[in-house]
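Okay, structure first, notes after.
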Amino acid sequence: MRTTHQRWGEMGPLQDIFETWARFLYEENGTLAFLRRRRWLILAVSAAVLIPCFWHRRIEAGDLGSHVYNAWLAQLIQKGEAPGLYFSGQWNNILFDVTLLWLAKVFGFAAAQKIAVSVCVLTFFWGVFAFVNAVTERPPWLLTPCIAMLTYGYSFSMGFMNYCWSLGLACFALAMVWRARRVDWIGVAIFALLAYVAHPIGFLWLAGMLAYLKVREKLPGWWKVTLPLAAAAGFYAVYCYALHRPALSPDWDRGPFYLYNGADQLALYGKRYVVLAVAAFCLGVACVSVDLFAAQGERGSWKRFSLPLEWYAVAFCATALVPENLRPSPDTGWIGLLGSRLTTVSAIFGLCFLGLLKARKWQLAGFGACAAVFFVFLYQDTGWSNRLEANGEEIVGHLSPGTRVIVTLDAPQGSRIQFVHHAVERACIGHCFSYANYEPSSREFRVRVREGSPVVTSSTDTAEDMAAGEYDLDETDLPLKQIYQCDASDLTKLCIRDLAAGDDLNIDIGRKPGHR
């Protein structure tokens, strides 16, 4: 009688699938075997990584408030209670928003935010972990403090949830493709599709990495050097194209390019984060220096670093040359903060480089100390944002449903996280409409607006001017109320006022607002 294995062996291509899953399930170095051996450590690390999602009542992450607010608008659209708003047929930059909307229907908005952001955080953290593990061929446990800091770095703190989720999914796909057999490409395709639905940048990064690896395999010897040079030349061509297309309104206004090296992802709410970012970068340089010094005399010891070094160099060129902001059309919103968010990719490549170094306990101690300081700072600053939003909730809680408001708030001086007004937009759920919310008019998201909607302005320029306090009100804009900061000694204290034609939205804190 034939055995099961013999029958599978006669099934052609299905044998590859059987062997791949057998390897996944049973081999000593298989993924599931690794999960079984390290399950308690993985659970403990995951729980620790999720602490910032639960240490305050609300998760504070810049644009997250706008995502949640627009998920509420999406519910109103489905109920027919949002005149002038509709769903577009968009298939990217929507994964987080669709997930949030579905979860909100089941669990409510408070729990939905916690669940959706937690999934996003764990996908990014373990995606980066898996990618570094694939490149270095060893689990990067000593780098978990660095991966945790990057998980909650600039891209997350700005609220770019779709972007972060997309990068995490792309990292999982790259980890799968590293030693892939034919059947593994099915999994890669699934992750690539999800990455595309989440955000196009993550998908493009994945596609570019796959092309880079395939071409590099075909190039002999020193010809491999031509690949990073060609990639850098490609980004320079993008720079020249954008520079000579004034219609795109490009700018590169993000400060000295050399500061955007990946460590800048730790620079968030003020100067003390900059000091921490410099310390973390210097510690990384020290780790590399010690390792290279110890390897003196070992022939070809540098070769193991060549691939992540190429990637990092190309990513550094990209962040230096790609515009920070551009606008493809006057009728759409800005594609903003490109270079600033792309340094997340630079940091991932930097972690691949560090993961190839000889593991030393003092490295874990050093990066662990940096992470401890970083998360103490983050707890304090997100606590400030929570107090701000609590005050916003108290104010809007007394409004009649359907009241239209304009939120004009400023972040504390020195903060890179400027989207503090979105926190009060989230407070508006069930109470008011944020008339200057930018998402529907930008045409970059799933929820969009038609001209004349009483819920939100249909002009992206008007939305930006209102939020910045630079809009000239007239009778056609009314009725409106303004929520603003009214105490220079405590920027979390908020006030609200009725607006009239001619009122100045740009309020000098400490001066009683009034007419021009």
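Restricting attention to the range 472-486, the residues that are surrounded by fewer than 17 Cβ atoms within 10 Å (Cβ to Cβ) and either of a type in the set (Val, Ile, Thr) or under 34 Å from the mean Cα position of the chain (by Cα) (or both) add up to 2.
The rows are residues; the columns are (1) surrounded by 21 or more Cβ atoms within 10 Å (Cβ to Cβ); (2) farther than 18 Å from Tyr152 by Cβ.
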| site | (1), (2) |
| --- | --- |
| Gly336 | no, yes |
| Leu364 | no, yes |
| Leu388 | yes, yes |
| Ala411 | no, no |
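Somewhere in the range 451-458, is a residue closer than 24 Å to Ala198 by Cα and touching a residue at least 40 places away in the same chain (Cβ under 8 Å)? Checked against the condition, which is being closer than 24 Å to Ala198 by Cα and touching a residue at least 40 places away in the same chain (Cβ under 8 Å), the range 451-458 yields no hits at all.
In the range 139-149, the count of residues that are among the polar types (S, T, N, Q), assigned by TED's automatic domain parsing to the domain that holds Ala192, touching a residue at least 24 places away in the same chain (Cβ under 8 Å) and within 18 Å of Thr343 (Cβ to Cβ) is zero. Scanning the range 487-500 for residues that are under 16 Å from Trp384 (Cα atoms) and touching a Cys at 6+ places or on another chain (Cβ under 9 Å) yields a count of 3. On the given criteria, is Ser329 modelled with pLDDT under 90 and small (Gly, Ala, Ser)? It is true that Ser329 is modelled with pLDDT under 90 and small (Gly, Ala, Ser). Screening the candidates Phe367, Phe349, Phe353, Phe375 for the property of being among the aromatic types (Phe, Trp, Tyr), within 24 Å of the chain's Cα centre (by Cα) and within 25 Å of Gly255 (Cα to Cα) yields one hit, Phe349. Would you call Leu505 outside the structural domain of Thr403 (by TED's automatic domain parsing) and in contact (Cβ under 8 Å) with a residue 24 or more places away in the chain? So Leu505 fits the description; yes. Picking from residues in the range 431-450 that are assigned to a loop (DSSP other than H, G, I, E, B) and either without any contact (Cβ under 8 Å) to a residue 60 or more places away in the chain or of a type in the set (Gly, Ala, Ser) (or both), the one that is farthest from Leu409 (Cα to Cα) is His431.
Restricting the first member to the range 330-344 and to residues that are within 19 Å of Leu266 (Cα to Cα) and not assigned by TED's automatic domain parsing to the domain that holds Asn437, and the second to residues that are among the β-branched types (Val, Ile, Thr) and in a loop (DSSP other than H, G, I, E, B), the beta-carbon pairs closer than 6 Å and six or more apart or on different chains are Leu338/Val322; Gly339/Val322. Kindly evaluate Ala233 against the criterion of being more than 26 Å from the chain's Cα centre (by Cα), at pLDDT 90 or above, over 26 Å from Trp334 (Cβ atoms) and surrounded by fewer than 21 Cβ atoms within 10 Å (Cβ to Cβ). Yes. The single condition from (1) of a type in the set (Lys, Arg); (2) in contact with a Phe, Trp or Tyr (Cβ under 9 Å, 6 or more places away or on another chain); (3) part of a helix (DSSP H, G or I) that Arg254 fails is (3).
Scanning the range 289-326 for residues that are of a type in the set (A, V, I, L, M) and modelled with pLDDT under 85 gives Leu292, Ala294, Ala295.
The values are calculated or read from the model by the stated rules, or taken from the named source; none is laboratory data. Just so we're clear, the structure is a prediction, and the values are computed from it rather than from any experiment. Positions of Cβ are generated from backbone atoms using ideal geometry, with glycine treated the same way; all protein chains shown enter the neighbour counts.
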